[in-house]
1. Take residue 117 and decide whether it is surrounded by 17 or more Cβ atoms within 10 Å (Cβ to Cβ), within 17 Å of the chain's Cα centre (by Cα) and not in a loop (DSSP other than H, G, I, E, B).
2. Can you name every residue in the stretch 107-153 that is under 25 Å from residue 71 (Cα atoms), in contact (Cβ under 8 Å) with a residue 40 or more places away in the chain and β-branched (Val, Ile, Thr)?
3. Within the bounds of the stretch 75-92, is there any residue that is under 26 Å from residue 39 (Cα atoms) and touching a Lys or Arg at 6+ places or on another chain (Cβ under 6 Å)?
4. How many residues does the stretch 17-35 contain that are in contact (Cβ under 8 Å) with a residue 24 or more places away in the chain and farther than 20 Å from residue 150 by Cβ?
5. Suppose we filter 84, 28 for residues that are at negative phi, modelled with pLDDT under 95, of a type in the set (Ser, Thr, Tyr) and out of contact with any His (no Cβ under 7 Å at 6 or more places or on another chain); which single one remains?
6. Which condition breaks for residue 136 when tested against (1) outside any loop (DSSP other than H, G, I, E, B); (2) charged (D, E, K, R); (3) more than 30 Å from residue 24 (Cβ to Cβ)?
7. Can you tell which of 65, 108 is in the same structural domain as residue 46 (by TED's automatic domain parsing) and more than 16 Å from the chain's Cα centre (by Cα)?
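The values are calculated or read from the model by the stated rules, or taken from the named source; none is laboratory data. Computed from a prediction, not measured in an experiment: that's the story for all the values here. Because the Cβ atoms are built from the backbone with ideal geometry, glycine has one as well, and the counts that use them run over all protein chains shown.
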Amino acid sequence: MTKQHRREHADKPDLVLRAISLMRQVASAINEWQRTKVKGGFTVHQALVLHYLVNHGDTTPSDLADWMHVTRGSVTPAIQRLSSLGLVKRRTDENDARKQWLTATPEARDIATQVEAQALHPVLSTFQDWSDPALRQFCDNLERILSIPFLGNRP
């Protein structure tokens, strides 16, 4: 029996286990990609923060974390690093002193395209030929998978 034939005739438990194995491979590849620093020393998280602020405008750390589907603690190091480089400014909300707003500086706007090209475009180009409905379905399926209790309902 060929490998292709086994895949086509696998029973449900085998298909589920194959899907889990594939998800582990994807997670490993994504983790490796996220750890990689691009020219200038920027990480993927930092590139995502820059992308959001430059393309979507001011935001709070919590809203940024929600957009990135991570915890607020996960975005804090990226925000701190970008702030120390003068690429992100923080300001306190005038109505709630506990709330901070993040803004991309002019310097961030100057380098955002270059950072995105190095850190984000390799992945974005992979999905270039996918239709919008196919990408939406893919995202819906991933969200469905992430809602499974044994995966911990992570953000």
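1. No; evaluated as a whole, the condition is false for this residue.
2. If the condition is that a residue be under 25 Å from residue 71 (Cα atoms), in contact (Cβ under 8 Å) with a residue 40 or more places away in the chain and β-branched (Val, Ile, Thr), then 115, 123, 145 are the ones that fit.
3. For the stretch 75-92, residues under 26 Å from residue 39 (Cα atoms) and touching a Lys or Arg at 6+ places or on another chain (Cβ under 6 Å): absent.
4. Count: 1.
5. After applying the criteria, what remains is 28.
6. Going through the list (1) outside any loop (DSSP other than H, G, I, E, B); (2) charged (D, E, K, R); (3) more than 30 Å from residue 24 (Cβ to Cβ), residue 136 breaks only (3).
7. 108
Every residue, every condition in (1) under 30 Å from residue 151 (Cβ atoms); (2) touching a helix residue (DSSP H, G or I) at 6+ places or on another chain (Cβ under 7 Å); (3) free of Cβ contacts under 8 Å to residues at least 40 places away in the same chain, yes or no:
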residue	(1), (2), (3)
14	yes, no, yes
46	yes, yes, no
54	no, yes, no
81	yes, yes, yes
94	no, no, yes
98	no, no, yes
101	no, no, no
105	no, no, yes
